[in-house]
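The values are calculated or read from the model by the stated rules, or taken from the named source; none is laboratory data. Being a predicted model, the structure only gives us computed values, none of them experimental. Cβ placement follows ideal geometry from the backbone for every residue including glycine, while neighbour counts extend to all protein chains displayed. Accessible surface is based on the protein model in full, side chains and every heavy atom, while ligands, DNA and RNA are left aside. Shrake-Rupley method; radii C 1.70, N 1.55, O 1.52, S 1.80 Å.
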Amino acid sequence: MTRKDAAKRILLPGLVALLPALAALLPGRRALLPGLVAFSLLLCGHASAQERTLTLVSWGGAYARACEKGYIERFERETGIDVQIEDYNGGLAQIRAQVDVGNVYWDVVDMELPDMVRGCDEGLLVPIDVDELAPGADGTPAADDISEDGLTECGPTNLYYSTVVVYNDARIGTAKPQTIADFFDLEKFPGRRGMRRSPLANLEFALIADGVPLDEVYATLDTEAGVQRAFRKLDSIKDRIVWWEAGAQPPQMLADGEVVMTTAYNGRIFNAQVLEGQPFVIVWDGQVLDTGGLVIVEGTRNLEAAKEFVRFANTARAMADVGRYISYSPSRRSALDLISTHAETGVDMEPHMPTSPENVSRALHNDWEWWSDNGEEMNERFSTWLAR
């Protein structure tokens, strides 16, 4: 929904209420009254139509398409509610601004888990009781069907994705990267690197590449010496980094030869591999496994429709249907068995999922509690480091 639409929703009811008084003041009011009543009904109908529209803010690209094909189109058909999708690059700043001024024009937002927790704690998001959600595909109550680390007071997460290192096999040469350490090795693999303009995952990658065991990464980051160590490692490749912000950028950077290697979301790379035939190879070593979900913005004027949408999107079927268009694992246990092959190409999805046994063995599970507590400080330090 645009700001203009939000303004209409506020102004139209008041305008409709003024019509009878306006008719009483006008000359020839008896003749004008039928027309004014018809105009009033037209406005009321417009306002009613607006109430059947939701604004969903998500990550765009292949992921947004997977959500559209997986469950949004079916939700629209079954409920008559129109879902308008807008893109963003994450964070809470825009939501804070809307809530603070009382002009909320986003209804539902697809959000990373640390922001879900922080936004909920700040009162920016609507609490959602897990008992309101549908049971799993096998009848298991939602609280038991959804992964334990995916339950928050403002709603559950609905998928797992990972940030991985990727290279273009057609451009890399004879030696192939095998580990996160190879990403930081400019001598063995010269050339530019792509990284997300965010400390999230980059600090973890830096420490893993510097020899910190997976189970000690966050304990190390919990110290000042550990944070400095991570930034020193990033310093070693800083002048060769091309920064990206949107998930669609890394595949394009690889295809164009702008970078030799890049970090990326695994699902975006899967889409380029399967639908576009790109010779991209994922290095699963040290992948940062993360999760996210749908939240409702506090102050939305479409609260009931937003709740209906979130409940729909958090069913096992909806999660599984998304997993048949992009290689993100559902957070519901009962949804895993509903995923088999890619809906359009017939490719077996299991080997491409970040939680498959082969891929998850060297994964670092994002510590959302650490990021929820330290995210703001790390964002400031990262911005300062970038500006140096």
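Some points to look at:
- Filtered residues of segment 304-322 (kept if under 10 Å from Asn158 (Cβ atoms) and out of contact with any Leu (no Cβ under 9 Å at 6 or more places or on another chain)): Ala318
The rows are residues; the columns are (1) surrounded by fewer than 23 Cβ atoms within 10 Å (Cβ to Cβ); (2) out of contact with any Pro (no Cβ under 8 Å at 6 or more places or on another chain).
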| residue | (1), (2) |
| --- | --- |
| Pro156 | no, yes |
| Val165 | no, no |
| Asn168 | yes, no |
| Ala175 | yes, yes |
| Phe189 | yes, no |
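Conditions tested, residue by residue: (1) of a type in the set (S, T, N, Q); (2) open to solvent by 70 Å² or more (accessible area, probe 1.4 Å).
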| site | (1), (2) |
| --- | --- |
| Leu275 | no, yes |
| Gly286 | no, no |
| Thr315 | yes, no |
| Asn374 | yes, no |
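- So Ala206, is it outside any strand (DSSP E or B), aliphatic (A, V, I, L, M) and surrounded by fewer than 16 Cβ atoms within 10 Å (Cβ to Cβ): no
- Helices (runs of 4 or more DSSP H) wholly inside segment 84-180 containing at least 3 residues that are closer than 23 Å to Asp337 by Cα and in contact (Cβ under 8 Å) with a residue 12 or more places away in the chain: 142-145
- Any hit, segment 74-94, residues being among the aliphatic types (A, V, I, L, M), modelled with pLDDT of 90 or more, in contact with a strand residue (DSSP E or B) (Cβ under 9 Å, 6 or more places away or on another chain) and open to solvent by 50 Å² or more (accessible area, probe 1.4 Å): yes
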